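Encoded as structure tokens, the structure appears first; notes follow it.
The values are calculated or read from the model by the stated rules, or taken from the named source; none is laboratory data. Treat the numbers as computed from the prediction; the structure is a model and nothing was measured. In this analysis, Cβ positions are derived from the backbone assuming ideal geometry, glycine residues included, and neighbour counts consider all displayed protein chains. Quick note on the areas: whole protein, heavy atoms, side chains included, nothing else; ligands and nucleic acids left out. Shrake-Rupley method; radii C 1.70, N 1.55, O 1.52, S 1.80 Å.
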Amino acid sequence: MLRFTRSRRNQTIFDQIIVSGSNFATGILLVRGLGLAEFGKFTVAYAILLLANSVQLSFISSPMITLGSLCSTAQERRSFLRGMYGVQLIFCAIASAATVVATIVYSIVHGREIRAGVIVAFGCAVVLFLMQDWLRRYYFTAGKATASVWNDVVSYLGQVIVLCLLFGTGRLTIESAFWSIAITSGLAFAMGAIGEQLGCRFPETGSAWKKSRGISIDLGIANQLQWLVYQGAILVGASVAGAQAAGGVRATQNVIGPVNIAYQAMENIVPIRAAEEMRRGGTQRAATFLFRFGAIGFIALLIVFSAGSLLSRRFLVFFYGHQLGPYANVLNMQMLYFLLAWPVRQLTFLFRTIKNTTPILIASIVAAACSMGLVYPMVRSFGALGIVVAAVAGQMGNLLYLIIATVRVPWTKSSVILESQT
């Protein structure tokens, strides 16, 4: 294991194994401990937390990883990262308040009373989860993948241990589940912040925001539209078919958790590698790397998902019990959704690297329109399956537009311009 984790790539993969494996175990504990109906309610609240995290990833973390990797000196990168820490603090204060308000509004609109203790636990979970997630992206940008591994051990494995204790003592509730997220994430962030001596000055924050503003705005809007494609479809589906349907969809997604290792590790490795390739050989070299990497990954996933679709019902019954058996077709559609997401990610990384994020924004508009336009009639006709069918349709629209935009890029001209900027 020590030999395996010596390189940056392997450390990142190992880190994501910890994160995705812990999330996989967490999902099983929550379904078995809360029951499918209560887990559905947890899923609705958790979808709002993921919305805040999605905004953060696109608005702060993704620009930080891409632009930080393009910095020419270590001092320039250090100053930029300190500035992005200031931007993160401002964002986190706004996002945490907004998510709590959104939760309260959702409960009022749907006539579901939420206890004050749950709201407090949820608010703390949002703040500390966002700060710890930013810290792990900071480590990758700063070239400290080893520190990210240990930090995620505290946060994610710690969360599994706490949930196991709650499950074993019969104290696992929605409120205690959110407190487990808050406590473990907060502990991990505090340890990392002290170790890194994180801090920022106003000029650094202003400079970092000025540098990342263009990419941040485009990616921020685009990722919220992407959130609508899947998580938004779950919320609409829950309002039409009930929380149990949303819980079933979320549980099937959790089964694909081990494959998610590749997706999340890719987010922390590929943009950095693409930026390095562009510095060495221009846009053409970065594009060649992304297309080659994307083709290999797509073929591998196609083989894995094709084999998995033959055993989808057995997977669900084994991990969750017979109550999830009827959701086998939902799991199959989940695998199709994630298969389509792979080439979408590669094309998105390409446009991020060349600092042309407008096609990402337009593709996200197309995807959200397809998903939101189809989710209501699909759920009415097919129940929980309709949620994922609508999401797959959105993903298809997303991929189609990005392919068209890629073909239209004047590569030679853009290469000259971007190489001179670099």
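Size check on segment 93-202: the Cα extents along the three principal axes, sorted descending, read 48, 41, 17 Å. For the listed peptides 119-125, 248-254, a ranking on the average number of other beta carbons within 10 Å per residue, highest first, reads 248-254, 119-125.
Annotation: extensible slack from V153 through F315 equals 55.7 nm (criterion: 0.36 nm per residue apart, minus Cα-Cα distance). Applying 0.36 nm per residue to the separation of I17 and Q284 and subtracting their alpha-carbon distance, the gain on full extension is 92.9 nm. Note on the chain: with charges restricted to the Cβ of Lys and Arg (+1) and Asp and Glu (-1), its dipole about the Cα centre is near 760 debye.
Between A295 and I161, the modelled labels are 4.6 nm apart [label points 7 Å from Cα along Cα→Cβ].
Note on I108 and T169: with the Förster distance fixed at 35 Å, the Cβ-Cβ geometry gives a FRET efficiency of about 0.60. Once Rh for the chain is found with the Kirkwood sum over Cα pairs, what is the Stokes-Einstein diffusion coefficient at 10 °C and 1.306 mPa s, in µm²/s? Taking Rh from Cα pairs, D becomes 72 µm²/s.
The residue list N356, N332, L310 was ranked by how far each Cα lies along the charge dipole of the chain toward its positive end, using unit charges on Cβ atoms, and N356 comes out on top.
Here segment 213-353 is treated with +1 on each Lys and Arg Cβ and -1 on each Asp and Glu Cβ, and its dipole about the Cα centre works out to around 220 debye. For a straight C-alpha distance cut-off of 18 angstrom, the aspartates and glutamates reachable from K211 (same-chain residues fewer than eight places away being disregarded) are E76, E419.
Rounded to the nearest 0.05, what FRET efficiency do T146 and Q323 give with R0 = 41 Å and r taken as the Cβ-Cβ distance? Could you check? That gives a FRET efficiency of 0.50.
Comparing A182, F59, L301 along the charge dipole axis of the chain, the residue lying farthest to the positive side is L301, per the Cβ-charge model. When the solvent-accessible area of the chain is split by element, carbon and sulfur atoms take up 67 percent of it, the probe being 1.4 Å. When +1 charges are put on Lys and Arg Cβ atoms and -1 charges on Asp and Glu Cβ atoms, the dipole computed for segment 59-153 relative to its Cα centre reaches about 160 debye. The relative contact order of segment 229-339 comes to 27 percent, based on Cα pairs under 8 Å that sit 6 or more residues apart. Averaged over its residues, segment 47-157 has an accessible area of 36 Å² per residue, based on protein heavy atoms and a 1.4 Å probe.
Roughly what angle does helix 158-168 make with the longest principal axis of the chain, taking Cα atoms, 0 to 90 degrees, to the nearest 10? Once rounded, the angle reads 0 degrees. Output the 0 to 90 degree angle, nearest 10, between the alpha-carbon long axis of helix 8-34 and the longest principal axis computed from the alpha carbons of the chain. On a 0 to 90 degree scale, this one is about 20. Over the chain, DSSP H runs of length four or greater, each weighted -39,500 (n - 2.57), average out per residue to a 222 nm ellipticity of -29500 deg cm²/dmol. Computed on the chain, with alpha-carbon pairs under 8 angstrom and 6+ residues apart, the relative contact order is 23 percent. Against the chain, whose longest principal axis is taken from its Cα atoms, helix 328-353 shows a tilt of about 20°. Sorting the segments 348-355, 142-149 by their mean number of nearby beta carbons within 10 angstrom, highest to lowest, gives 348-355, 142-149. For the residues L50, L165, L301, a GNM of the chain with alpha-carbon springs under 10 Å puts the largest fluctuation on L165.
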